[in-house]
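The next block holds one structure in the form of structure tokens; read it before the comments.
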Amino acid sequence: MNRVQRPRGRVAAAVFVWLAVVCCLPLDGGAQSQVPAPPAERTPDRPVQTPIDREAWGRDVVRIGQDYTLNAGDAIGQALVVSGTATIDGRVERDVVVIFGKVRLSSTAAIEGSLIVIGGSASAMSGAVVRRDLVVVGGEMDSPVGFMPGGQHIVVGSRALGARVEGVLPWLSRGLLWGRPIVPGLPWVWSVVGAVFFIYLVLNVIFSRSVGALAETLEARPLTTFAAGMLVLLLTGPVSLLLAVSVVGIAVIPFVLCALAAAWIIGKVGVLRWIGRSVLRHESPERPLRSIGSFGLGAAVISVAYMIPVLGLVTWVMAGIFGLGAAALTFVAGYRRERPPASARVQAAVRPPLPAPPVYHPLVPVDDQPAANQYDRTASQAAGAAASVSGQPESSAVPMAGADLAAFPRAAFRDRLAAFVLDLILVLIAYQVADDYARLEGGTFFFLLLVYHIGFWTWKGTTVGGIICQLRVVRVDGAPLAFADALVRGLSSIFSLAVAGLGCLWILKDRDRQAWHDRIAGTFVVKVPRNWPL
């Protein structure tokens, strides 16, 4: 009997002790922490979902030009690091984005979102977790064999590219973000500065006269030079857009950009020489050794300014604008010296020779003498033609419709290009309007463009764009264009455009500024006064 009751007494005592322990525990769920939660099962389609610390949401981290370290046991919402190194030892509830920097994931790192690295590299130790996507662009990913993110794994780059990007990162964080092109603490920056200085020095020696002319322009008209540089920069975009819209002008865009880059570089050389001349107060013209000394002093001053934060970037931009404006003004001045105004060249050509003064008969009235009337009419026509060419108002000028157009100056390439772009836009608008009413084929536009030019050349000897730009097309013998001439010129212009526009660019080289289709058709494109009649 006693043996049977002993087990019952022990069971009752154990139940009593368990109830006492349960009653003594706090009511905040501490008892549940004694029982470990079963591990979550990982499925191939869905990554492991861990509980989210709601207090960590909203604590975002942003670092620009600085490093960031998340210690083990800490949690944040998300992190953005630009030009810095992100060391993750704790937990990130959302994404980690690093631009031009590095990411180091330790064995305790856990990123619940995605890891995105642009222009940098990433490394992960065994035990690091990325729940979603891993994207590295422009660098490399160093990770153990078993490391695999929960989503996509994309790495675009190589070890060599990553090494180059890492070499540039200090310049981005300590130079560009501070607004200074030269960072004194980076050795490779001084190698670049030395190479640029050598190139500028060679240009200063080879083009000594041109650089001296730029320095003189800057010294004489600094405000006008700055305004001209700003105007060139503002017009570069619209002009490139018009050339691109014209389709044919796409071949000219690279030449325009190359000319702009050359003007920017040679203009900066002129700015350096101008600064040196201003400090040393050298008179113009300079001797070769003095020009080199002025250039070297200007380069030293500019280099010191480039090291100062914010001021360095402003100096770089201002020097480029001043140099571009000086190059533009110097080019225009040189062009005017080589090509004097049209009035000085054309006045003698359009003025007809005056007959000998009439001999008056004493017995015949003056009004009845034909020689006197002819002399007066010819003199008035010559005076009117001279006034028209010299740019006087139309009311005071009497243009001669029968004058030889071939004697006028040849049209420049820029004038012909501007006229063609205007005509192209006009035909394009007409084509779009016609296409709304009738479905036109793709080749119809070029056919309309050809018909438009041939028709206007035959009718008025120019087009609408030519009227605006004061251009006329005339045969080499001075006669107006006939339909056969316009047809030959229009068909041959297709060949000039088909060879990458080389036939049109021939105007820049030809002595008479004739394109290939001008030579085939035997025509000139001349510049006439604004009030010249059609």
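The values are calculated or read from the model by the stated rules, or taken from the named source; none is laboratory data. Just so we're clear, the structure is a prediction, and the values are computed from it rather than from any experiment. Every residue, glycine as well, gets a Cβ built from its backbone with ideal geometry; the counts of neighbours run over all protein chains shown. The area values use the complete protein model at the heavy-atom level, side chains included, leaving out ligands, DNA and RNA. Shrake-Rupley method; radii C 1.70, N 1.55, O 1.52, S 1.80 Å.
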Original post:
What about Val525, is it touching a strand residue (DSSP E or B) at 6+ places or on another chain (Cβ under 7 Å), surrounded by 14 or more Cβ atoms within 10 Å (Cβ to Cβ) and not in a loop (DSSP other than H, G, I, E, B)?
Top reply: yes
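Kindly indicate which of Leu186, Leu177, Leu201 is at pLDDT below 85, open to solvent by less than 80 Å² (accessible area, probe 1.4 Å) and not small (Gly, Ala, Ser). Can you show your working first?
Details: Leu177 fails: open to solvent by less than 80 Å² (accessible area, probe 1.4 Å); Leu201 fails: at pLDDT below 85.
Unique residue meeting the criteria: Leu186.
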**OP:** Please verify whether the range 443-464 includes one or more residues that are at pLDDT 85 or above, crowded, with 18+ Cβ neighbours inside 10 Å, farther than 18 Å from Pro409 by Cα and in contact with an Asp or Glu (Cβ under 6 Å, 6 or more places away or on another chain).
**Re:** yes
Subject >> Flag for Ala411 being under 19 Å from Gln514 (Cα atoms), touching a Ser or Thr at 6+ places or on another chain (Cβ under 9 Å) and buried (at least 19 other Cβ atoms within 10 Å of the Cβ) >> reply: no
**OP:** Pull up the range 261-275, narrow it to residues that are buried (at least 16 other Cβ atoms within 10 Å of the Cβ) and within 15 Å of the chain's Cα centre (by Cα), then point me to the one that is farthest from Leu505 (Cα to Cα).
**Re:** Trp264
**OP:** Determine, yes or no, whether Gln66 is modelled with pLDDT under 90, of a type in the set (S, T, N, Q) and closer than 23 Å to Gly175 by Cα.
**Re:** yes
Subject >> Conditions (1) open to solvent by 50 Å² or more (accessible area, probe 1.4 Å); (2) at pLDDT 90 or above; (3) within 26 Å of the chain's Cα centre (by Cα): number failed by Val301 >> reply: (3)
Subject >> Members of the range 468-513 that are in contact (Cβ under 8 Å) with a residue 40 or more places away in the chain, under 30 Å from Pro254 (Cα atoms) and part of a loop (DSSP other than H, G, I, E, B) >> reply: Cys469, Gln470, Ala500, Gly501, Asp512, Arg513
Subject >> the range 93-137: number of residues that are open to solvent by less than 50 Å² (accessible area, probe 1.4 Å), among the aliphatic types (A, V, I, L, M), over 15 Å from Ile76 (Cβ atoms) and in a loop (DSSP other than H, G, I, E, B) >> reply: 1
Subject >> Subset of the range 498-522 [within 31 Å of the chain's Cα centre (by Cα), small (Gly, Ala, Ser) and surrounded by fewer than 17 Cβ atoms within 10 Å (Cβ to Cβ)] >> reply: Ala498, Ala500
Original post:
If you go through the range 308-342, how many residues are buried (at least 16 other Cβ atoms within 10 Å of the Cβ) and over 20 Å from Asn204 (Cα atoms)?
Top reply: 4
